[in-house]
Each structure stands twice: as C-alpha cells, then as structure tokens.
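Working notes for the structure below.
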Amino acid sequence: MRLVTLPGVFTPLSDSWMLARALCAKVRPGQSVLDLCTGSGAIAVAAARSGAGPVTAIDVSRRSVLTVRINARLNGVRVRALRGDLFTPVAGERFDFIVSNPPYMPAENDQIPERGPARALDAGSDGRVLLDRICAQAAAHLNPGGAVMLVQNDLIGIDPTVAALERTGLRADVVERHHGPLGPVLTARAALLEERGLLAPGVREEDVVVVRGLAA
Ligand SMILES: C[S@@+](CC[C@H](N)C(=O)[O-])C[C@H]1O[C@@H](n2cnc3c(N)ncnc32)[C@H](O)[C@@H]1O
C-alpha cells in the first residue's frame, strides 16, 4: 500500500496494522465499512483495497481528511472521507463493519486536547473517553449481522469494553491479542500509570487486543 501522512497526521503503528489485518480477514466484497478516528486512512484504504465498499473514514482533523483523500487516490480506491466528531457525520447511517483505533492513552487529566499531536493519543485520565463513547453508539450504526472491531491495550481495561458493548446488545469477545513492550508514549508516562494503579510497579509490557462486538 502507498501511504503518505501530512504533517500533524498520525503515522500508523503496529496496532493500526493489527486492526487492518483483522478487518481484511473478515470483510467480504461489497460490505460497507466505517473507520472512525481514521488518521491517514490506512485502515480504510486497506479495507477498500481488499474489496470492501463503500468505505467511509471519519476524523476530527482537517489534515487527516485531506490525507485520507490523497491516500485513497494513491491506491486507486474510493473512500468517503468526512470530518467530524465520531459518528456525527454519519447520523442515521448503518454499516456492516465499524472499526476504530481511537486515542486510548491515559493522560494527565480528563481534558481532551482540541489540537496538536496529543489529540491523536490522549483519552482522559483513564484512557477510555473515546472508546466508551464508541462502545455506547456503535450498535445503533450496525447492520444486522454486522461487527464493530476496536483496538486498545489491557492497561485501560478490556472487560469494561466487552461489558459496554454487551450493554448495547452486541455479543463481544477478544479476537486478536499481541503481547509486547510498552511504546514510547506509555513508557514516558509509566510513573503516572503506576501511581494510578493502571500499571504494576516495574512492568513495562502491555497486551494490545482487538475487541469485536457482533450484532444479531
Ligand atoms: C491513534 S490515532 C489513529 C489513527 C488511525 N486510525 C491509525 O490507526 O493509524 C487517533 C485519531 O483519532 C482522531 N480523533 C481524535 N478525536 C476524535 C474525535 N472525537 N472524532 C474523530 N476523530 C478523532 C485523531 O485526529 C487521530 O487521527
């Protein structure tokens, strides 16, 4: 895949590709996909390249939306790129797959950054602000038999994600798990995470998972 990232747009990391692989293994030709918090559009473009369609990608960042359009063109696929807050631009629409690698880093406080690189990372003091909002709203945007797939780590709690999806009537489970060292952002925040009880003392490893919620 050919991919550019304009300055200020999140460069896909291993968790982005983990989610892209999990999605592409499941999506069938012609199935609709919504990629929330799309960044460069890497996951949306990967889905479109594997035959999905129509594919929609949403991000709150203007530069991200522009980057998605460039990347779709570079790869010769169609992606509808929209700017806005989570599901707002697709009110009333439903999809076969909803995927997201949202900001999920526990931050200093509960203030959500409105701009800058922190907007791609920080998700309140528990790291769950965006994830919880997506879990609460996803079911209302899924077609019957559709699935939401979310990437996160174990530091911010996997059970709360499963429970939040199940509260909306979805059947939820963990479909991918990768154990590895903490990335640079979490390593830099390790002392804060230990203080909050999100990280055991001295541990510098995490599980990154894909949680799936299935609609009946
Ligand atoms: C961790 S990055 C992931 C980007 C991409 N999904 C990937 O894996 O490469 C999170 C993205 O969420 C976007 N974002 C943050 N808050 C958002 C919101 N409320 N609605 C939509 N997008 C948001 C950021 O601009 C950023 O591009």
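The values are calculated or read from the model by the stated rules, or taken from the named source; none is laboratory data. Please read all numbers here as calculations on a predicted model, not as lab measurements. Cβ atoms come from the backbone with ideal geometry, glycine included; neighbour counts cover every protein chain shown. In case anyone asks, the SASA skips ligands and DNA or RNA and just uses the protein heavy atoms, side chains included. Shrake-Rupley method; radii C 1.70, N 1.55, O 1.52, S 1.80 Å.
Side notes on the structure shown:
- Residue match in region 2-11 (condition: out of contact with any Leu (no Cβ under 9 Å at 6 or more places or on another chain) and within 12 Å of the ligand (Cβ to nearest atom)): yes
- Screening residue 115 with (1) within 14 Å of the ligand (Cβ to nearest atom); (2) in contact with a His (Cβ under 6 Å, 6 or more places away or on another chain) gives one miss only, at (2).
- Residue satisfying condition, being buried (at least 22 other Cβ atoms within 10 Å of the Cβ) and under 22 Å from residue 118 (Cα atoms), within set 11, 38: 38
- Inside region 31-71, residues that are in contact (Cβ under 8 Å) with a residue 60 or more places away in the chain and on the phi > 0 side of the Ramachandran plot make up a count of 2.
- Residue 209 vs. criteria open to solvent by less than 60 Å² (accessible area, probe 1.4 Å), under 19 Å from residue 16 (Cα atoms) and not hydroxyl-bearing (Ser, Thr, Tyr): yes
- Every residue from region 52-67 that is more than 10 Å from the ligand (Cβ to nearest atom), modelled with pLDDT of 95 or more and open to solvent by less than 50 Å² (accessible area, probe 1.4 Å): 52, 55, 56
- Residues that are open to solvent by 60 Å² or more (accessible area, probe 1.4 Å), away from the ligand (no atom under 15 Å from the Cβ) and in contact (Cβ under 8 Å) with a residue 24 or more places away in the chain occur at least once in region 124-131.
- Lone qualifier among 21, 83 - being closer than 23 Å to residue 152 by Cα and near the ligand (Cβ under 9 Å from one of its atoms): 83
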